[in-house]
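In what follows, a structure is listed as structure tokens, so that the remarks can point back to it.
The values are calculated or read from the model by the stated rules, or taken from the named source; none is laboratory data. From a predicted model like this one, the values you see are computed outputs, not experimental measurements. When we count neighbours, we look across all protein chains shown, and the Cβ atoms used for this are built from the backbone with ideal geometry, even at glycine.
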Amino acid sequence: MKKNNSLSHLTLLKKEQDKKIPKITSEINKRSMRAYHEQYWYGKNFLYDFFEIQQIKNKSVLEIGPAEAGLLKFFKEKGADCTGIELSPLRFSHSKLLNNLNNLKLLTGDICDKQSYKELNNHKYDYIIIRDVIEHIDDKFNALKNLYDLLSDEGKLFISFPPKYCPYAGHQQTIKNNLGKLPYIHLLPNVLYKIFLSLLKHPKEAIGYLLATKSTRISVTEMKKIFIELNFSIKKSNLYFFRPAYKFRFNLPILKNPFSKIPVLNEIFTNGALFVLKKKKS
């Protein structure tokens, strides 16, 4: 796995074990409940059509990083056989409380470590979803290689992420102080970025999260190189200025990046890069 000087996401997630795990639905925080509703909305109002699905009944769907599993709940209601692999103990606990586990197969695991989900290694999935997760993974090549192995020969893989040069790729919108929400501020050198965040009195652990987030970003160009190296073919790709989730979050219209064909501008004005991939036929 790629090494970096910031706190890795695996380390940060392990810290969740010290946090209170909810035992009943009413103990789940409001932000996670909103995320759950957004996930369901995303499947119903965007992803189902983006996948160009003709018939989902009895098809197999795997999501990496489903969090509260609202997206899987939507696909299950459409008749799919749904499975989710979640790394975060806290988000996994939410998914168990919010969903009927007789209908969804949910397990904890790390897509970079096949042994952590070994019970699935002999399965092949018709649809795999990794939505706004790949940018948090250090070893993207290994993660996508493992997804390639889990995908059926005619299956489709959906992947979305905010490119590293886009305005809010550093997740600085989560900073409470409005000065911290400046677009592109995450592109500062780490030393200056850390000083800036400290001056804003951002919590130390939260600074570690933002630095880890920054360290694992990837550009559209870099991601496409991995697709090629792993023998994926791009069946569909869209670069969005206002990505689909913004319609749920901010009631903004879905808007593609008008500069998506122009180098550099296709990176800095894209807040969401979305792809549907398939295995190349030999």
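Quick test for you: out of Ile129, Ile111, pick the one residue that is part of a strand (DSSP E or B) and touching a residue at least 24 places away in the same chain (Cβ under 8 Å).
Ile129
Is it true that Ile226 is of a type outside the set (Gly, Ala, Ser) and either outside any strand (DSSP E or B) or not assigned by TED's automatic domain parsing to the domain that holds Asn142 (or both)?
Against the criterion (of a type outside the set (Gly, Ala, Ser) and either outside any strand (DSSP E or B) or not assigned by TED's automatic domain parsing to the domain that holds Asn142 (or both)), Ile226 qualifies.
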> Which of (1) touching a Gly at 6+ places or on another chain (Cβ under 6 Å); (2) surrounded by 22 or more Cβ atoms within 10 Å (Cβ to Cβ) does Pro163 not meet, given it meets every other one?
Replying inline: (1)
> Which one of these is touching a residue at least 24 places away in the same chain (Cβ under 8 Å), outside the structural domain of Leu62 (by TED's automatic domain parsing) and part of a helix (DSSP H, G or I): Tyr193, Tyr209?
Replying inline: Tyr209
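Kindly evaluate Tyr36 against the criterion of being of a type outside the set (Val, Ile, Thr), over 21 Å from Phe275 (Cα atoms), assigned by TED's automatic domain parsing to the domain that holds Lys256 and under 15 Å from the mean Cα position of the chain (by Cα). Quick ask: steps written out before the conclusion?
Values: of a type outside the set (Val, Ile, Thr): yes; over 21 Å from Phe275 (Cα atoms): yes; assigned by TED's automatic domain parsing to the domain that holds Lys256: yes; under 15 Å from the mean Cα position of the chain (by Cα): yes.
So Tyr36 passes the test.
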> Across the stretch 232-260, which residue is farthest from Phe158 (Cα to Cα) among those that are surrounded by 15 or more Cβ atoms within 10 Å (Cβ to Cβ), more than 17 Å from the chain's Cα centre (by Cα) and not charged (D, E, K, R)?
Replying inline: Phe259
> Looking at the stretch 261-279, which of the residues that are among the charged types (D, E, K, R) and in a strand (DSSP E or B) is nearest to the chain's Cα centre (by Cα)?
Replying inline: Lys278
>> So, in the stretch 86-108, how many residues would count as being without any contact (Cβ under 8 Å) to a residue 24 or more places away in the chain and either in a helix (DSSP H, G or I) or hydroxyl-bearing (Ser, Thr, Tyr) (or both)?
In response: 3
> Could you list, in sequence order, the residues of the stretch 75-105 that are over 20 Å from Lys30 (Cα atoms), hydrophobic (A, V, I, L, M, F, W, C) and surrounded by 19 or more Cβ atoms within 10 Å (Cβ to Cβ)?
Replying inline: Phe75, Ala80, Cys82, Ile85, Leu87, Leu104
> What number of residues within the stretch 265-282 satisfy the criterion of being modelled with pLDDT under 95 and under 20 Å from Tyr184 (Cα atoms)?
Replying inline: 0
>> Can you tell me which residue is modelled with the highest pLDDT among those in the stretch 180-220 that are closer than 24 Å to Phe161 by Cα and loosely packed, with under 13 Cβ neighbours inside 10 Å?
In response: Pro189
> Do the conditions hold for Phe259, that is, is it assigned by TED's automatic domain parsing to the domain that holds Tyr40 and without any contact (Cβ under 8 Å) to a residue 24 or more places away in the chain?
Replying inline: yes
> Does at least one position in the stretch 116-133 carry a residue that is under 18 Å from Leu151 (Cα atoms), buried (at least 21 other Cβ atoms within 10 Å of the Cβ) and among the hydroxyl-bearing types (Ser, Thr, Tyr)?
Replying inline: yes
